[in-house]
Each structure stands twice: as structure tokens, then as C-alpha cells.
Amino acid sequence: MSLILAPGTAWTDILDRVRTAVPEAVAGNRLRNLYGGTWHDGGTPAELRTPVDGSVIAEVSRIGAGTAAEAVRAAAREHHDWAGTPLGERKARVAVAVEALTTHRDLLALALVWEIGKPWRLACADVDRALDGVRWYLEEIDRQAAGREPLPGPVSNIASWNYPMSVLVHAELVQLLAGNAVVAKTPSQGGAVCLTLAHALMVRAGLPVTLLSGSGDELSEVIVRAPEIGAVAFVGGRSNGGKVAAALLDSDKRHFIEQEGLNAWGIWEFSQWDSLAAHLRKGFEYGKQRCTAYPRFVVQRDLVGSFLDVYLPVVKSVRFGHPLAVSAPGEPLPELDFGPLISAAKAGELRRKVDEAVRGGAVPLHRGAAAEGRFLEGQNIDAYVAPTALLAPPGRSRLMHAEPFGPVDTIIVVDTEDELLSAMNASNGALVASLAVDDEELAAKLAQDVHAYKVGINKPRSRGDREETFGGRGASWKGAFVGGDLLVQAVTLGEPGERLYGNFPDYTSYPSTP
């Protein structure tokens, strides 16, 4: 079947709409930096490529440490004024920003489709979750902020590319509600146009926001260690997260560092296969490029046949391809499970990891071909990886202990409960995990020894929204936990000597996580 790009969704159309909406933030094809309440030219131009078809879509202006230091000083001045602004005024301005973002919801989502390859439904969900979440905080912030004060300086946000709105912008707007100015670095791999549009609307609402582009290695010294910064929020991998944590070792700066972990689903004495099938299909959303994806299944040997009877039809039916390709004008955008990975480089790296595991002895239960996806004729598909399932990756394989961050599942077969727990805890801590066990009393007993912040019983777990807290165990998290009331607590000061929930060098404290 011949496919065409859905009319009105070409990148040139999207960028034209962004320029029309916020002309102050974009110069031609080049995005400006925002600090001191003003958009600035300058910096070194760097191309932005879409993973959808590999084409160049815009440029960012990468600044150096000197300009970043100037921006942080400006943010500190804004923070001083904002921290003294009455809560009612802060709420009013955040509400104005939320309404402006709502007006441009579809444009924000279309930018995400092109920039990070999210299918339309998932891109809309990213924007909607951000805005719905902030609306909840607008209702709750009077209670949450009672008796608490803003931090001594702005919150610096360094986030990964996969959830620009529902993770980064959502967190910023709550930090602003709590009385803090915010500084954000655009992710190096995607989301800069969406974030530029969002921050332009936020600053128009009178919010003290800063948005900078540049090399993480060069800017980190400033946006992490600068004395003006009151807290550091990081979302990303363990390598970069470890660098941020190391930079804070000699500091008492507030921080919350979310890092990856190998989230596992353990299957033991289980028979509810129909219910599991629905969870398996949903698990492939966005190609498992999210911190709460489940790429590891640990299965009791006696159940392997039943598990594969359910699992293999699901993995073979997963739909992927160009998120905006339709068969005729007026046809709805395709219902895909995922589009490309974030870059051709990431796709190539993941293919090499799979090859390495297979050479080491892993059994390829299913290994689709990228060309099986749904594409425009002749388009570049270098960033696409088909679903893959490997049985028994070798212990030395990188896929054995680390999160693949792509549509690759590994399956481990075990014979005892101890082996089940050991295999589920392979990554020294995780954000989420689940157990598929008929006897929920036994599942609850096993869950106590699963090294994850949230453990689902016969269901998956996620970051959560509104009142639900979020954190990680072991190496998957450093610093204060967030979500619900804990997010406000993490970015405000309470009574002297207050001990926040979180993983800290001298103590660890966990809230209840139903």
C-alpha cells in the first residue's frame, strides 16, 4: 500500500506555525536561548535532525559556560523577586500559562512527533498529562506549600528527551508554583522546538523561566555547581546521572537524580494469561523508550511454554513506522505502538547489543526487520528497530544488566524463588517492577525483596500522576523523591532539620507506595 505524509503535517508547516505563535523565540530556522526574561541570539549553531526520516529540521544555538553563568545570575535575580510573590499571584500566572499551552496543545504534540518520533496518540498524551497534572497542583498547592518557603535559588532542570512536557515542563510549572525560578537545559537529542514553544508561552505569562542549549559537559559546571542554584533535578541515564551526583558531592545542594534501572516482570505460579497479554502489548508503547518500561521478563521454567504462547503473538503484532504516514488525505493518523528510536546512532547501538548477545549464546525468539514497518516510499529508516525478543542473554552481555531503552525484551528462565528475585534485581535497583503471581499473599511476600521503588501485583507500575509519589531504589535514584506532595517538599524548605523522603548519602527513607 502506497502511503503519503498526512496533509498539513510536514515539518515546514509545523515550524511555520511555531514561528507564527512565538516569533520572538525563533530566528529563521534557529532557536534562541531564553534568559533574563528575553530571547537571545548568539552561540554556535548546531543542527537538529528528526529521527522520523533523518532530515535536518532546525538549529539550536549552543552557548558556552560564560553565557550560561550570565543566565544563571539573571535567574537568581528573578528568583529573589518571584520567591517574594504572593502564592495567589503565582497561581494566577501559572494558570495563564497552562491555558496558553492548552490552546497550542496540538502544535506542541506535532512538534514532539517530528522531534522525538512519538506516535500522535502518545505525543498528545505527553502534553495532556503535563497540563492535567499542573491543574491538580493548582488545586492542592495552598495545602502543600503551607508552612514552607521557596529554596534559596532557582531549580536547575536537566532532563532526557523522551518526555519533554509530562516530565520537564510539568516539573518546572510545579517548581514555579512553589516559589522558585527555573532553569532548563534543552535535551541534546530532541524536544528543543517543543520546549521553545512551551517556554515562550510560559514567559509571556510572567513566569521566571530560563531555557538554554549547549553541551552538557560544558554547561554542567555552571547549571549544577553554580552557587546561585538552589536545587538540581536530573532525569536520564546512570552515566550522566553519576557525573551530576559527583559534581554535588561537596555541596549540600538539594537534588533529585532519576537514573535508569532494568525494570523486570517476574512470573511465578501464574495462570491469568489473558490479563497479561493486554499489559504486554501496552508495554511496547514508544518502543520502550521510557524509564518505566519493562524490558526483562523472569519466568518460572514450568510456565515458559504458556508465557510464550501469549507473548510471541503480541510481539509479532506490534505496529511501528512513520508516525504521520497515511494512505489517503483525511485519513486519521496511524495508530502505532512506536515510531523510530531517538536517533540512527541509538538504533545502531541497540542492534550491536543484540548481535553481541546472540553471538554470546542468547536465543533469538523473535527478531523482526525494520523494513517490516509502515513507511513512506524511499524514506530513511536508519532510526527504526523492529521488536526483538531474546531468551537467556549471556551474563557478559550488556543486555543482561542494563536497560536497552528500545523495543528489545530479554527473557530469563528460573527454577526457584531465590533465582527469580536475583534475576529481577540484576541492575542494582530499579524504578518499577511487577510480579505475575496468582496467590497475591505470596506475591506480596516476594515483592518485599524486589529492589524497585514501586512493585505491581499482576499489573504494571508507572511514574504516576497527581498524588502518586515517584522514586527509585538502589542506583536508580539519588536525592529526594518526587511526585504528589513530595515534589513540592523537594523544592521548598520546611522546618530546620527536616528529613525528606529519598536516597541520601547518610540515610534512606521511603514513603508508603501502595
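The values are calculated or read from the model by the stated rules, or taken from the named source; none is laboratory data. Keep in mind that this is a model prediction, so the values were computed, not measured. Please note: Cβ atoms are built from the backbone with ideal geometry, for glycine as well, and neighbour counts cover all protein chains shown. Ligands, DNA and RNA are stripped out before the accessible areas are found, and what is left, the full protein with its side chains, is counted by its heavy atoms. Shrake-Rupley method; radii C 1.70, N 1.55, O 1.52, S 1.80 Å.
Expressed as a whole percent, the proportion of Cα-Cα pairs in region 139-271 lying more than 26 Å apart is 27%.
Report the FRET efficiency, 1/(1 + (r/R0)^6), for residue 204 and residue 246, where r is their Cβ-Cβ distance and R0 is 41 Å, rounded to 0.05.
Numbers: r = 37 Å, r/R0 = 0.91.
After rounding to 0.05, the efficiency reads 0.65.
Note on residue 371 and residue 16: with the Förster distance fixed at 22 Å, the Cβ-Cβ geometry gives a FRET efficiency of about 0.10.
Per 0.36 nm of contour for each residue apart, how much would the distance between residue 319 and residue 440 grow if the chain were fully extended, relative to their Cα-Cα spacing?
So the chain would gain 40.2 nm between residue 319 and residue 440.
A Stokes-Einstein calculation at 25 °C with viscosity 0.890 mPa s, built on the Kirkwood radius of region 29-111 over Cα pairs, returns a diffusion coefficient of 157 µm²/s.
Distances between every pair of Cα atoms in region 76-115, grouped in 5 Å steps from 0 to the bin holding the largest one, split as 6, 20, 16, 16, 13, 13, 13, 4 percent. Viscosity 1.306 mPa s, temperature 10 °C: give me the Stokes-Einstein translational D for the chain in µm²/s, with Rh taken as the Kirkwood radius over C-alpha pairs. After rounding, the answer is 68 µm²/s. Compared with the direct C-alpha span, the chain from residue 128 to residue 462 gains 118.6 nm at full extension, assuming 0.36 nm per residue.
Surface composition of region 267-392: carbon and sulfur atoms hold 52% of the protein heavy-atom accessible area at a 1.4 Å probe. What is the distance in Å between the Cα centroid of region 155-190 and that of region 456-472? Taking the Cα centre of region 456-472 as reference, the centre of region 155-190 is 20 Å away.
Calculate how large, on average over all directions, the projected area of the Cα convex hull of region 258-303 is; give the answer in nm² to one decimal.
On the way: hull surface 14.7 nm².
Reported value for the Cα convex hull: 3.7 nm².
Can you give the log10 of the normalised intensity I(q)/I(0) at q = 0.24 Å⁻¹, computed with Debye over equal Cα scatterers of region 49-162? Normalising to I(0) and taking log10 leaves -1.26. All C-alpha pair distances within region 278-401, sorted into 10 Å bins from zero, spread as 12, 40, 35, 11, 2, 0 percent across the bins. What nm value, rounded to one decimal, do you get for the distance between residue 508 and residue 302 when each label is placed 7 Å out toward the C-beta? Distance between the two pseudo-spin positions: 3.3 nm. Note on region 181-254: along the principal axes its Cα atoms extend 37, 26, 18 Å, ordered by decreasing extent. For the residues 506, 382, a 1.4 Å probe over the protein chains yields an accessible-area ranking, largest first, of 506, 382.
Please sort 411-420, 223-232, 115-124 by packing, taking for each peptide the average over its residues of neighbouring beta carbons within 10 angstrom, highest first. Please report the intermediate quantities before stating the final value.
Values: 411-420: 16.4, 223-232: 21.3, 115-124: 24.9.
For the peptides 411-420, 223-232, 115-124, the packing ranking is 115-124, 223-232, 411-420.
Centroid-to-centroid, using Cα positions, region 390-451 and region 488-502 are 33 Å apart.
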